[in-house]
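Beneath this line is the structure, given in C-alpha cells, with notes to follow.
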Amino acid sequence: DAENPLLGETTCGSLLQKLQEIWDEVGESDEERDKMLLQIEQECLDVYKRKVEQAANSRAQLLQVLSDAKLEHSTLVSALGDKSSVGIQPEKGSETIKEQLAAIAPALEQLWKQKEERVKEFSDIQSQIQKICGEIAGNASEQTGALAVDESDLSLKKLDEYQVKLKELQKEKSDRLSKVLEYVSTVHDLCAVLGMDFFSTITEVHPSLGDSTGVQSKSISNDTLSRLAKTVSALNEDKKQRLHKLQELATQLIDLWNLMDTPEEERRLFNHVTCNSSALVDKVTVPGALALDLIEQAEVEVDRLDKQKSSRMKEIALKRQVELEKIFASVHIEIDPEAAREKIMALIDSGNVEPTELLADMDNQIMKAKEEALSRKEILDRVEKWMSACEEESWLEDYNRDENRYNASRGAHLNLKRAEKARILVNKIPGMVDTLVAKTRAWEEDRGMSFMYDGVPLLAMLDEYAMLRQEREEEKRRLR
C-alpha cells in the first residue's frame, strides 16, 4: 500500500482499496468480487508475459547483432590477414551483451577503416597494373572502368604480390620505352640520311611517337614495337638500295669523266655523290646523303654526259691517237697514222664497239707503246750518239778537203779545235757501231723481232754504214 514515488499517490494498493469501497457501496457479492480480482490478475499476467516476450526478442536481436559483429570482425581480420587484430575481439564472459557490443564496436570501426585504406591501396596498384598491361596490349584508352577489388583477401602478402608484379611491369615498360626511343632515334637518323620527313614517317607508325609533350605518353605496345621494327628494316633496305644506286651512278660518272677528260672543276660539283662511291652502308650518316633529289641529280648528269659522249668520242679517240703517234715518233717507230685514224672513225660510226672498250684498247696500246719506247731507249741513245759522230765525220771530211783550212781567216782556230775533237770521236765510231750491233741483236733475240728505225731495220743501216765506211777507207788508201 505504500505510495509509488514514480506514479505519484495512485498505486495498485490505493486503486484496489478504492475498488473495495465501490464494491461495498454497491453491495457486490464475494463471488463477484473474487471473479473480478481473478480477471484483474489475469490481465496483469498477460501484460507481464508481453513484456517478457518483448525483452526476449530484444535480447535475441542484440545477440544476433553481437554474433554478426563477431563474424564481421573475424571476416575482416581474415581478409586483412592481420593476426594481431584477433585479440581485440572480446570473449563471452561476465560482460553483458551491450557491454560486449560496446567493446567490439571500436575494433570493428578500426578494421573497417583499415579495410577502406587497404582497398584503396589494392585499387591503386591494380589500376597501375591494368594501365601498364593496357599500354603493352595497345588498348590503354579502352580500359577506363574502375577495377573490382577482391575483398576476400586484402592481406599484406597479397599486396606485396601485386607490388612485385607492378615492379616487373614497370621494368618491362621502361625496357620497352627505351627500345621505342632507340627505334625512334634510328628512324630519325635514317630519315635524315634518306631526306625523308621524319614526323610523317614516325606518326604513321603511331601518333604518340611524334608527340613532343612527354616520353611517358609514347606507345609501347607490341604492335607499335613490331611496326617500328618493320619501319627500321624497310628504311635500312631503302638505304641499301639507294646507296647501291648512288654508287652505280658514281662509277658511271667517274668512267664518263675519265672517258671525256672532264676538268677537275666540273668533277668537284659532284663530290657529294662520288664521296660515297666505296662507302659501307653503315658509314653513310651525313644528312641528305641518299636523298632522292640527289640521286635524280646524279642520274640527270649521267644522262647528259652519256649524250655528250657520242659527240665527243671522235675527239677523245683522236686525242689518244695523237698521243700514241707522238710516242712512236719519239722512238722512231714508223706507223700509218691516216689508216689508224680512219679505222677509229669507222669503228665509232658503226656503233659496233663500246666507246669505253675502244678507249680502253687505245689506252692499252699507249701503255704498250710506252713500254716499247722504254725498251728501245738505250739503243736509241746510242744511235743518236752514232749519228752525231757520223755528222762530225762528214764535216771532218769536208774540212780535210778544204785547201784553205789553214789560212788565218776569221774562225779558223775554232774549226781547228773542232777538227781535233772530231778526229777523236771518229776514231771511236767503229767501237760505237760494234756495241750498237751487239745491243741491237740482243734486243731482237729477246723479243723475236727486228729493231726498226723509221721503217728501216737498224742492223741493215749499220751494215750499210760499215760497208760505206770500208769503201771510203779503201778510196783514201788508193788516193794516197
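The values are calculated or read from the model by the stated rules, or taken from the named source; none is laboratory data. This one's a predicted model, so the numbers in the text were calculated from it and none came from an experiment. Ideal geometry is used to build each Cβ from the backbone, glycine not excepted, and the neighbour counts take in all protein chains shown. The protein model used for the area step is the full one, side chains on, heavy atoms only, and it has no ligands, DNA or RNA in it. Shrake-Rupley method; radii C 1.70, N 1.55, O 1.52, S 1.80 Å.
Can you confirm whether Asp336 is open to solvent by 60 Å² or more (accessible area, probe 1.4 Å) and within 25 Å of Val456 (Cβ to Cβ)?
On the way: open to solvent by 60 Å² or more (accessible area, probe 1.4 Å): yes; within 25 Å of Val456 (Cβ to Cβ): yes.
Taking the combined requirement at face value, the residue satisfies it.
Taking the conditions exactly as written (buried (at least 17 other Cβ atoms within 10 Å of the Cβ) and either within 50 Å of the chain's Cα centre (by Cα) or touching a residue at least 12 places away in the same chain (Cβ under 8 Å) (or both)), does Ala360 satisfy them or not?
Working: buried (at least 17 other Cβ atoms within 10 Å of the Cβ): no; either within 50 Å of the chain's Cα centre (by Cα) or touching a residue at least 12 places away in the same chain (Cβ under 8 Å) (or both): yes.
The answer is no for Ala360.
Within region 215-243, which residues are open to solvent by less than 30 Å² (accessible area, probe 1.4 Å), assigned to a helix (DSSP H, G or I) and in contact (Cβ under 8 Å) with a residue 60 or more places away in the chain?
Residue satisfying the conditions is Thr224 alone.
Might you check whether a residue that is in contact (Cβ under 8 Å) with a residue 24 or more places away in the chain, under 27 Å from Ile327 (Cα atoms) and out of contact with any Asp or Glu (no Cβ under 7 Å at 6 or more places or on another chain) occurs anywhere in region 421-428?
No, because not a single residue in region 421-428 is in contact (Cβ under 8 Å) with a residue 24 or more places away in the chain, under 27 Å from Ile327 (Cα atoms) and out of contact with any Asp or Glu (no Cβ under 7 Å at 6 or more places or on another chain).
Name the single residue, out of those in region 100-127 being among the hydrophobic types (A, V, I, L, M, F, W, C) and farther than 24 Å from Ser152 by Cβ, that is least open to solvent (accessible area, probe 1.4 Å).
Taking region 100-127 and keeping what is among the hydrophobic types (A, V, I, L, M, F, W, C), we get 101-105, 107-108, 111-112, 119, 122, 125.
Among the residues that remain, those that are also farther than 24 Å from Ser152 by Cβ are: 101-103.
Working: Leu101: 34, Ala102: 66, Ala103: 51 Å².
The residue in question is Leu101.
List the residue pairs whose Cβ atoms are under 6 Å apart, where the first residue sits in region 26-42 and is without any contact (Cβ under 8 Å) to a residue 60 or more places away in the chain, the second is in a helix (DSSP H, G or I) and surrounded by 12 or more Cβ atoms within 10 Å (Cβ to Cβ), and the two are 6 or more positions apart or on different chains.
Short answer, once both residue conditions are applied: Arg33/Trp23.
Quick one: is Ser330 among the small types (Gly, Ala, Ser), more than 50 Å from the chain's Cα centre (by Cα) and either modelled with pLDDT of 85 or more or outside the structural domain of Asp197 (by the TED database) (or both)? Steps first, please.
Values: among the small types (Gly, Ala, Ser): yes; more than 50 Å from the chain's Cα centre (by Cα): yes; either modelled with pLDDT of 85 or more or outside the structural domain of Asp197 (by the TED database) (or both): yes.
Judged against the criteria, Ser330 is a match.
Among the residues of region 128-140, count how many are small (Gly, Ala, Ser), open to solvent by 50 Å² or more (accessible area, probe 1.4 Å) and not in a loop (DSSP other than H, G, I, E, B).
So in region 128-140, the residues small (Gly, Ala, Ser) come out as 134, 137-138, 140.
Of the ones still in play, those that are also open to solvent by 50 Å² or more (accessible area, probe 1.4 Å) are 137-138.
Okay, now just the ones that are also not in a loop (DSSP other than H, G, I, E, B), so 137.
Count: 1.
Asn276 - would you say it is without any contact (Cβ under 8 Å) to a residue 12 or more places away in the chain and more than 30 Å from Gly138 (Cα to Cα)? Give the derivation first.
Numbers: without any contact (Cβ under 8 Å) to a residue 12 or more places away in the chain: no; more than 30 Å from Gly138 (Cα to Cα): yes.
When the stated conditions are applied, Asn276 does not pass them.
If Met260 meets every condition in (1) surrounded by fewer than 16 Cβ atoms within 10 Å (Cβ to Cβ); (2) in contact (Cβ under 8 Å) with a residue 24 or more places away in the chain; (3) farther than 19 Å from Leu294 by Cα apart from one, which number is that one?
(1)
With the requirement that a residue be hydrophobic (A, V, I, L, M, F, W, C), part of a helix (DSSP H, G or I) and open to solvent by 60 Å² or more (accessible area, probe 1.4 Å), what does region 168-199 give you? If you could, list the steps in order and put the result at the bottom.
Step one: of region 168-199, the residues hydrophobic (A, V, I, L, M, F, W, C) are 169, 177, 180-181, 184, 187, 190-194, 196, 198-199.
From the residues that got through so far, the ones that are part of a helix (DSSP H, G or I) too are 169, 177, 180-181, 184, 187, 190-194, 198-199.
Hits for region 168-199 are Leu181, Phe199.
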